[in-house]
Amino acid sequence: AGQYGWYQISGLAVCKKTCTVSLAAGAAVGVLTTGLIAGTGSGKEISGAAVAAVASATAGRTTVSVMLSRPNKQGRIT
């Protein structure tokens, strides 16, 4: 009670990242820490999500555009 949230099923989303992470357009994304995305090297991939535009590691740039299509989180498949 007293809590709420929202989710996005598809479309262009703005996601938070750390300043030191650089992502190429079309790259798959994963969860770095709670609330931040990074490359899939973290082992916590987000299926159905890809970087929409290049995100450089420039200081002060803490967001990245990500295209979503029914995203879901999964661990690395070996």
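Does the stretch 35-57 contain any residue that is among the hydroxyl-bearing types (Ser, Thr, Tyr) and at pLDDT below 75? Looking for residues that are among the hydroxyl-bearing types (Ser, Thr, Tyr) and at pLDDT below 75, one finds at least one in the stretch 35-57, hence yes. If the condition is being surrounded by 11 or more Cβ atoms within 10 Å (Cβ to Cβ) and among the small types (Gly, Ala, Ser), then the stretch 42-64 contributes SER42, SER47, GLY48, ALA49, ALA50, ALA52, ALA53, ALA55, SER56, ALA57.
Does SER65 satisfy the condition of being touching a Leu at 6+ places or on another chain (Cβ under 7 Å) and at pLDDT 85 or above?
Judged against the criteria, SER65 is a match.
If the condition is being surrounded by 11 or more Cβ atoms within 10 Å (Cβ to Cβ) and either free of Cβ contacts under 8 Å to residues at least 60 places away in the same chain or aliphatic (A, V, I, L, M) (or both), then the stretch 1-23 contributes LEU12, ALA13, CYS15, LYS16, LYS17, THR18, CYS19, VAL21, SER22, LEU23.
The values are calculated or read from the model by the stated rules, or taken from the named source; none is laboratory data. Just so we're clear, the structure is a prediction, and the values are computed from it rather than from any experiment. Backbone-built Cβ (ideal geometry, glycine too); neighbour counts: all protein chains shown.
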